[in-house]
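Written out below as structure tokens is the structure these notes cover.
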Amino acid sequence: MSPPPAPTLLDGFAYRDGTMHAEDVPLATIADEVGTPCWVYSHGVLDARFRAFDAAFAGIPHLVCYALKANSNQAVVRTFAELGAGADIVSEGELFRALAAGVPPERIVFAGVGKTAPEMAAALQAGILQFNVESEGELLRLSQVAAGMGRTAAVALRVNPDVDAGTHAKITTGTPDNKFGIEIGDARAVAAQAAALPGIRLAGLAMHIGSQLTSVEPYRAAFGRLADFARSLMNEDGHRLERLDLGGGLGVHYRHAPPVDLPSYAAAARAAVAGFPGTIVLEPGRWLVADAGILLARVQYVKRGSLKTFVILDAAMNDLVRPAMYDAWHPLRPVTEPAAGAEPVTVDVVGPICESSDVLATAREMPPVAPGELVAIGVAGAYGAAMSSFYNSRLPAPEVMVRGQGFSLVRSRPSYDEMIAHERLAPWQTHQP
Ligand code: LLP
């Protein structure tokens, strides 16, 4: 079976009257007002994605905890919070963001292999729903911290089910060569330990086998293992489990990978947890936000070499690092609709950063573009702005949210003063040279 073609239209971003719009707003208007590069998010797509995901689990007790790491902008998190979402957090910073955006603490789950004692204390103080505990050492530390505060931490043990997610090596998490979770063979003893420790209440199990999954088969296998293990903990060891956290990882359509079929993903989850008396927790990140965002950039130069033609943008790997880091393929379109039958050219699309890994697209066939033109890099709402940096002392791109005919700056571009605001000279440097 040949793979489906790359998407020709980006969800929420379509050509109208010869120019690409975000919902009802021409992207050129946003570029004029905010400058480039900038991120543009469609509120309508965020809203539709959350509703669709939530609806797929209708009829069973469930909680959708949006994985903040995919896009932690306050306006994005608030959009989901207003729809009843919880949050999957992995740091005290994400706890701060989730609470600030209005996510109720009793809908927050805290994952991650390296939680520090102060992070645990902050989350206990806030009254979060549960800690997804990834090792025996973490369990012991959490017990100490919680008991010391006179509190009880609800714990879901994150199990490593030994299922290969079949995704990029850098984002696979469900086999024993990854640092994540407690190996399923060891988890029974850790559960017994959890039940006996002060300050701990064993409330459930959790798993997450990887990100950008494009097949439901690994899910089916992992959900099955988790549910079997939950049954044995309940039926044989007498534990009372309230929640099964099935993690996130649903893939989106970047290029060749077929989009995961949400109904069959949900059906796999439903089948595995049938008869489980508690709530299931889901932690989608990418699937909720990827298609809702683009990176809008302006072509600076077109440089023709003997081997390649380079399209040099004002956006770079400090904005969108995924192509450099994971060889990710993002759709790229000129904002001005190409003439029908425009002969495509093959180009490398790069940024101004001083290293050769600064690529946004390699050997890309696309309509010819000229300096000054705007281009939209699609499916960039997830792990785009969230992974951006000040590298090369470039200011992180501002973020804009569009809703119908209106748009709003939801993160401004910092100033150069802000860029160096946390830096200090050492005392011996304070004399003017
Ligand atoms: N839950 C846990 C415990 C996770 O570690 C992750 C992602 C998620 C949920 C959300 O996964 P999602 O639904 O977004 O696939 N920077 C990489 C992706 C890293 C994913 C890390 N964990 C990228 O740009 O592809």
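The values are calculated or read from the model by the stated rules, or taken from the named source; none is laboratory data. The model shown is predicted, which means the values in this text are computed figures rather than measured ones. We place every Cβ from the backbone using ideal geometry, glycine too, and count neighbours over all the protein chains shown.
Overview of results
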{"quantity": "LEU244, sole failed condition from (1) modelled with pLDDT of 95 or more; (2) away from the ligand (no atom under 15 Å from the Cβ); (3) assigned by TED's automatic domain parsing to the domain that holds ALA194", "calculated": "(2)"}
{"quantity": "The listed residue being in contact (Cβ under 8 Å) with a residue 24 or more places away in the chain and more than 21 Å from LEU83 (Cβ to Cβ), out of GLY285, GLY251", "calculated": "GLY251"}
{"quantity": "Matching option when the condition is of a type in the set (A, V, I, L, M, F, W, C) and in contact with a helix residue (DSSP H, G or I) (Cβ under 6 Å, 6 or more places away or on another chain), among ALA297, ALA230, ALA272", "calculated": "ALA272"}
{"quantity": "The lone exception for ALA70 - which of (1) more than 12 Å from the ligand (Cβ to nearest atom); (2) closer than 28 Å to LEU320 by Cα it fails", "calculated": "(1)"}
{"quantity": "Matching strands (runs of 3 or more DSSP E) fully within the range 316-399 where at least 2 residues are farther than 17 Å from TYR301 by Cβ and more than 16 Å from the ligand (Cβ to nearest atom)", "calculated": "359-366"}
{"quantity": "Per-region count, the range 157-175, residues under 14 Å from MET207 (Cα atoms), away from the ligand (no atom under 11 Å from the Cβ) and of a type outside the set (S, T, N, Q)", "calculated": "6"}
{"quantity": "Test result for ALA165, farther than 23 Å from ALA117 by Cβ, assigned by TED's automatic domain parsing to the domain that holds GLY278 and surrounded by fewer than 23 Cβ atoms within 10 Å (Cβ to Cβ)", "calculated": "no"}
{"quantity": "Hits in the range 404-430 - residues which are in a loop (DSSP other than H, G, I, E, B), more than 26 Å from the chain's Cα centre (by Cα) and not charged (D, E, K, R)", "calculated": "GLN405, SER415, ILE420, ALA421, HIS422, LEU425, ALA426, THR430"}
{"quantity": "Residue match in the range 108-122 (condition: away from the ligand (no atom under 14 Å from the Cβ), at negative phi, assigned to a loop (DSSP other than H, G, I, E, B) and assigned by TED's automatic domain parsing to the domain that holds GLY199)", "calculated": "yes"}
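So that you can scan it fast, the table gives a plain yes or no per residue for (1) without any contact (Cβ under 8 Å) to a residue 24 or more places away in the chain; (2) surrounded by 22 or more Cβ atoms within 10 Å (Cβ to Cβ); (3) touching a Gly at 6+ places or on another chain (Cβ under 8 Å):
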| site | (1), (2), (3) |
| --- | --- |
| LEU140 | no, no, no |
| ALA146 | no, yes, yes |
| THR152 | no, no, yes |
| ASN160 | no, yes, yes |
| ASP177 | yes, no, no |
| VAL190 | no, no, no |
| GLY199 | no, no, yes |
| GLY204 | no, yes, yes |
| GLN212 | no, yes, yes |
